[in-house]
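Colleague: Here it is: the structure, laid out below.
The values are calculated or read from the model by the stated rules, or taken from the named source; none is laboratory data. What you are looking at is a predicted structure, and each value in this text was computed from that prediction instead of being measured. Positions of Cβ are generated from backbone atoms using ideal geometry, with glycine treated the same way; all protein chains shown enter the neighbour counts. Surface areas here come from the heavy atoms of the whole protein model, side chains and all, with no ligands, DNA or RNA. Shrake-Rupley method; radii C 1.70, N 1.55, O 1.52, S 1.80 Å.
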Amino acid sequence: MQDHFGAARELVARAPFKVGVLARSADGETLFANEPDRAYPAASVIKVPLAMALYADAADGRIDLAEEIATGERVDGSGILRDMRDVPALSIRDLAAAMMVLSDNTATNRVIERLGLERVAARMGEWGIANTALRRKMYDFEAAKRGLENVATASDLVALLARLVAGECRDRATSDAVLAIMARCEDDRKLRRFLAPNTKVPSKSGTLDASRNDVAVFAGPSQAVLVAAFTSEVKDALAAEHLLGLIGRGAAMAAGMSVPPLPFGD
């Protein structure tokens, strides 16, 4: 069987930063792995389990996605709400969309407040997710000083993606709703870096000063390939994004998707 991850394997082996990655087919075959159980700073990838817990609770009738919530205190970082001072409230559904499509941190904080850290933890426990945790809101520096960090492992995130693909985030409709907002994620600089423009791949990335992370579902004619990639101690952001791009390209080829030639040659 052709190894579509050869170039990525070579780069991971000599990377000057830490890399945790798992690429797995939907039927459970491991295609590429490197420290998949190591916990990494999650950055905005933590918004995937948050969105899944939110939509699962909505399907259970615990929460109404049409409920409007005050936009509240704005925080910095990614997103648009920090600049939209005349938007007093949004529905939970719209906040979730802003959280996943634009990685809006203000929207994320409103979702966290409404759902609660405990509900996310309970849902992760129910789903067997042991080493990924949402412990604080975005830009909560006081919580960070107390050692509360959002962390994730590649293994856990691939397990969550597998649940979505299998229709087990409560049910098929709920799973598809989460995948649909992930498919609108605007960041194409990481796992989607070397795909053709406008290729639809449900994904969610995350960025910190020393981390470049991404998770994605590559659904092709051959199979679906689920990928989670995390980094830490990154000094060269472009090098980390290049590596993630090669991982994503390998996953797309393994799924049977058509990919353009690399812009710099093989």
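Colleague: Please calculate the 1.4 Å probe accessible area of residue 63, with all protein chains present, and give it to the nearest 10 Å².
Modeller: We get 20 Å² for residue 63.
Colleague: Work out from phi, with θ = phi - 60° and the Karplus expression 6.51 cos²θ - 1.76 cosθ + 1.60, the ³J(HN,Hα) of each residue of the stretch 12-21, listed in order in whole Hz, and give x for Gly and Pro.
Modeller: 4, 4, 10, 5, x, 9, 7, 9, x, 9
Colleague: Once phi is turned into ³J(HN,Hα) by the Karplus curve 6.51 cos²θ - 1.76 cosθ + 1.60 with θ = phi - 60°, what whole-Hz value does each residue of the stretch 64-74 show in order, with x for glycine and proline?
Modeller: 10, 5, 7, 4, 8, 10, 4, 4, x, 5, 7
Colleague: What's the angle, to the nearest 10 degrees (0 to 90), between helix 47-59's Cα axis and the longest principal axis of the chain?
Modeller: 50 degrees
Colleague: Take every Cα pair under 8 Å in the stretch 193-252 that's 6+ residues apart, average their separations, divide by the length, and report that relative contact order as a whole percent.
Modeller: That works out to 36 percent.
Colleague: Just need the relative contact order of the chain here, percent rounded to a whole number, with Cα pairs under 8 Å and 6+ apart.
Modeller: 25 percent
Colleague: FRET efficiency for residue 89 and residue 199, Cβ-Cβ distance as r, R0 = 41 Å, nearest 0.05?
Modeller: With R0 = 41 Å, the Cβ-Cβ based efficiency is 0.75.
Colleague: How big, on average over all directions, is the shadow cast by the Cα convex hull of the chain, in nm²?
Modeller: Across all orientations, the chain yields a mean hull projection of 13.7 nm².
Colleague: Another question, then. Distance in nm between label sites at residue 126 and residue 66, each 7 Å beyond Cα in the beta-carbon direction?
Modeller: About 2.3 nm separates the two model spin labels.
Colleague: Roughly what would the spin-label model give for residue 166 and residue 180, points 7 Å off Cα along C-beta, in nm?
Modeller: Rounded to a tenth, the inter-label distance reads 2.3 nm.
Colleague: Provide the gained length on full extension for the span residue 144 to residue 7, in nm with one decimal, where the gain is 0.36 nm per separating residue minus the Cα-Cα distance.
Modeller: Stretched fully, the residue 144-residue 7 segment lengthens by 45.7 nm.
Colleague: Could you order 139, 55 by accessible surface area, starting with the largest, using a probe radius of 1.4 Å?
Modeller: 139, 55
Colleague: Now for a separate question. Roughly how many debye, to the nearest 20, is the charge dipole of the chain about its Cα centre, given +1 on each Lys and Arg Cβ, -1 on each Asp and Glu Cβ, and no other charges?
Modeller: My answer is approximately 240 debye.
Colleague: In addition: Find the accessible area per residue for the stretch 80-197; the probe is 1.4 Å, ligands and nucleic acids are left out, and the unit is Å².
Modeller: On a per-residue basis, 45 Å².
Colleague: Also: Return the lysines within reach of residue 190: Cα separation strictly under 18 angstrom, same-chain partners fewer than 8 residues apart disregarded; answer none if there are no such residues.
Modeller: By straight Cα distance, residue 190 reaches 18, 47, 200, 204, 235.
Colleague: List the relative contact order of the stretch 135-266 as a percent without decimals, with contacts defined as Cα pairs under 8 Å and 6+ residues apart.
Modeller: Once normalised by length, the contact order is 22 percent.
Colleague: Where the centre of each part is set by its Cα atoms, how far does the stretch 196-266 sit from the stretch 34-85, in angstrom?
Modeller: If you average the Cα positions of each part, the centres end up 22 Å apart.
Colleague: To the nearest 20 debye, what is the magnitude of the charge dipole of the stretch 88-168 about its Cα centre, counting +1 on the Cβ of each Lys and Arg and -1 on the Cβ of each Asp and Glu?
Modeller: Roughly 140 debye, rounded to the nearest 20.
Colleague: Tell me, what % of the accessible area of the chain is carbon and sulfur with a 1.4 angstrom probe?
Modeller: 49 percent
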